[in-house]
Amino acid sequence: MNKAVKDTKQQSNKAICNVINTDTKAHCKTYVIADMDIPQQNLQSNLQQTPQQSTQDIESQSGATTPVSSEQHGVKSRVRTQVPLLSLALVSFAIFIGWIIYQANIGGNNIFFDLVRVVPYGDKVGHMMLFGTLTSLALIASRAAYFNLFERKIYYAIVVISTLVFIEEVSQGFIATRTFDIGDLTADAVGITLFSVITIKWISRNR
């Protein structure tokens, strides 16, 4: 390649550099300095692709957060949608338990009491299921809110339910139609503990 042809190509390459985005001028200069025999069309095509490739490199090096998959987003959306419904279920179930307690306090009778008498250890199983379920609903409705005490998580729902259950069981000793039973209190504690462990693990996995 003679000197006249080289000068012509260098001037042409410099002209291309002036009209292309400034981000690519460094790459353009490389082509000019190297004085490579590259067709102008291919040179311009390579230079136009460079900004996009540079942007991808910057994003990969900056450690951009990986987008949440549609499946994970769907799980979280379902959990958020279920919270109001579970809050309604919590209130309804609490009213049901209140009605059961009221019936027992006045010496009433209903189908649930008859069922408890038929099933072996039905009274203890009933205590576990009732207050365990109530605790699970309270944990989900409150999104397992907690505070730290001596570096341990103390869940508001568990504290509230446990306190109410303890007061209710102790109060039976002062009601003529009821008797205080440590076995019922133990069944309550087992149900609350068991259902709490399962529910907290489920909430943690779906957050």
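The residues listed here are SER136, SER162, SER87, SER171; of these, the one that is open to solvent by less than 60 Å² (accessible area, probe 1.4 Å), in a helix (DSSP H, G or I) and at pLDDT below 85 is SER87. Mind listing whichever residues of the range 99-126 are among the β-branched types (Val, Ile, Thr) and either in contact with a helix residue (DSSP H, G or I) (Cβ under 7 Å, 6 or more places away or on another chain) or at positive phi (or both)? Listed by number, the residues that qualify are ILE100, ILE101, VAL116, VAL119. Of the residues making up the range 174-193, those that are loosely packed, with under 13 Cβ neighbours inside 10 Å, assigned to a helix (DSSP H, G or I) and not aromatic (Phe, Trp, Tyr) are ILE182, GLY183. Could you check, for the range 103-121, whether at least one of its residues is in a helix (DSSP H, G or I), of a type in the set (A, V, I, L, M) and within 25 Å of LEU86 (Cα to Cα)? Within the range 103-121, none of the residues are in a helix (DSSP H, G or I), of a type in the set (A, V, I, L, M) and within 25 Å of LEU86 (Cα to Cα).
Checked against (1) more than 30 Å from ILE106 (Cβ to Cβ); (2) touching a Lys or Arg at 6+ places or on another chain (Cβ under 7 Å), GLN172 meets all criteria but (1).
Has the range 118-126 got any residue that is open to solvent by 30 Å² or more (accessible area, probe 1.4 Å), in contact (Cβ under 8 Å) with a residue 60 or more places away in the chain and within 25 Å of the chain's Cα centre (by Cα)? Checked the range 118-126: no residue is open to solvent by 30 Å² or more (accessible area, probe 1.4 Å), in contact (Cβ under 8 Å) with a residue 60 or more places away in the chain and within 25 Å of the chain's Cα centre (by Cα). When SER196 is tested against the conditions (1) out of contact with any strand residue (DSSP E or B) (no Cβ under 8 Å at 6 or more places or on another chain); (2) part of a helix (DSSP H, G or I), the lone failure is (1).
Can you spot a residue in the range 150-157 that is among the aliphatic types (A, V, I, L, M), assigned to a helix (DSSP H, G or I) and in contact with a Gly (Cβ under 7 Å, 6 or more places away or on another chain)? Scanning the range 150-157, I find no residue that is among the aliphatic types (A, V, I, L, M), assigned to a helix (DSSP H, G or I) and in contact with a Gly (Cβ under 7 Å, 6 or more places away or on another chain), so the answer is no.
The values are calculated or read from the model by the stated rules, or taken from the named source; none is laboratory data. Predicted model only: the values in this text are computed from it and were never measured. Counting neighbours? That spans all protein chains shown, and the Cβs are built from the backbone with ideal geometry, glycine included. Ligands, DNA and RNA are excluded from the accessible area calculation, which covers all protein heavy atoms including side chains. Shrake-Rupley method; radii C 1.70, N 1.55, O 1.52, S 1.80 Å.
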